[in-house]
Amino acid sequence: MATAIPSLDQFLAEDLNYITGNLRTEFGRMAGKRLLITGGAGFLGYYLIQSALHHNRSAAAGERIDITVYDNFVRGTPPWLTALAGDPMLTVERRDMIEPLPADGELGDFQYIIHAAGIASPIYYRKYPLQTIDANINGLRNLLDYCVRQADRGRPVEGILFYSSSEIYGDPAADAIPTPEDYRGNVSCTGPRACYDESKRFGETICVTFARQYGVPVKMARPFNNYGPGLKITDGRVLPDFARDVLNK
C-alpha cells in the first residue's frame, strides 16, 4: 500500500511544532517584547519569522512577540513573506543594513536582535564581494553600537545574536576533522571566498570586543549547510544543487 507523501504545509507545521516546543523557555523570555530580525527574507529568516509567529498563535495577547524584519530584498521579496502581510505582530521594512541605522527615536527600542543579514551563497558573494563584507562588518557594527546606546539610555538590549558561519574554519587540516569548536581555522585571506570567510571571522572579533568592553549580551552561531523549505533551489550551495540535479534526473 502506497504511503501518502506529506505536503509542504504539513512538513512546515511539523517543523514549527518541534521548534516552538523546544524553545518554550526562549520564547517565554521574549514574550511581550520586540524582536528585530535583519535579513529576514533569507532562508534562516524564513524559519525565524515563522517560528515566532507560530508561537504567537497560541500565546495570550500580552505574551506575543512583536517582530520587525529588515531586508534590502536584493533577491526579491519571497512569496512566503508577502503572504504574512497583515499580521499585526509583524512589521516588514526595506532597509539595507550597510547603511547607517535611523535615529534611535525613529528606530525605537528592541529587546532582542538577530543579525542574519548577509550574502551566504557563493554565487552571490562572489558577485557582490564588497556588499558581503559590509553586511558582516558595518551592518553588525551598526547594531552593536545601537546596543551600547540603548544601555546608556537605560533601555538595554537583552540579547543579540550574530549569525557567523562554519566558513570561519576554512579548510581544516586532516588532523582537525572532525573539527572542534576551538579550532582557529585555516582560511585564505585573498582567495575567492575571502570576502565571506574573513568578514565572518572579523565579525566574531567585533562581537567579542563589544562583549568585553561594553558588556553587550551578544552570542554567535556558526551555521553549516542548512536546508529545507524556504531555501531557493538556485541558491548555488551544494545541497540545493543536489536537489536540483535529482529533479533534473
Selection within region 195-219 - hydroxyl-bearing (Ser, Thr, Tyr) and under 26 Å from Arg155 (Cβ atoms): Thr209, Tyr214
I'd like to know if region 15-26 contains one or more residues that are in contact (Cβ under 8 Å) with a residue 24 or more places away in the chain and part of a loop (DSSP other than H, G, I, E, B). yes
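Give the residue that is least open to solvent (accessible area, probe 1.4 Å), with candidates limited to residues of region 113-134 that are aliphatic (A, V, I, L, M), out of contact with any strand residue (DSSP E or B) (no Cβ under 8 Å at 6 or more places or on another chain) and not in a loop (DSSP other than H, G, I, E, B).
Ile133
Restricted to region 1-14, and to residues that are not small (Gly, Ala, Ser) and not in a helix (DSSP H, G or I), which residue is most open to solvent (accessible area, probe 1.4 Å)?
Within region 1-14, the match that is most open to solvent (accessible area, probe 1.4 Å) is Met1.
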Which fully enclosed helices (runs of 4 or more DSSP H) of region 27-110 have 3 or more residues being modelled with pLDDT of 95 or more and open to solvent by less than 50 Å² (accessible area, probe 1.4 Å)? 43-57
Selection count where residues are over 30 Å from Leu107 (Cα atoms), open to solvent by less than 60 Å² (accessible area, probe 1.4 Å) and part of a helix (DSSP H, G or I), scope region 143-196: 6
Restricting the search to region 206-245, which residues are open to solvent by less than 40 Å² (accessible area, probe 1.4 Å) and assigned to a loop (DSSP other than H, G, I, E, B)? Val216, Pro223, Gly228, Pro229, Gly230, Leu231, Asp235, Gly236
Of (1) aliphatic (A, V, I, L, M); (2) part of a loop (DSSP other than H, G, I, E, B); (3) open to solvent by 20 Å² or more (accessible area, probe 1.4 Å), Ile137 satisfies every one except (2)
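The values are calculated or read from the model by the stated rules, or taken from the named source; none is laboratory data. Remember, predicted model here, so these are calculated numbers, not experimental data. A quick note on method: Cβ atoms are made from the backbone with ideal geometry, for glycine too, and the neighbour counts reach across all protein chains shown. The area values use the complete protein model at the heavy-atom level, side chains included, leaving out ligands, DNA and RNA. Shrake-Rupley method; radii C 1.70, N 1.55, O 1.52, S 1.80 Å.
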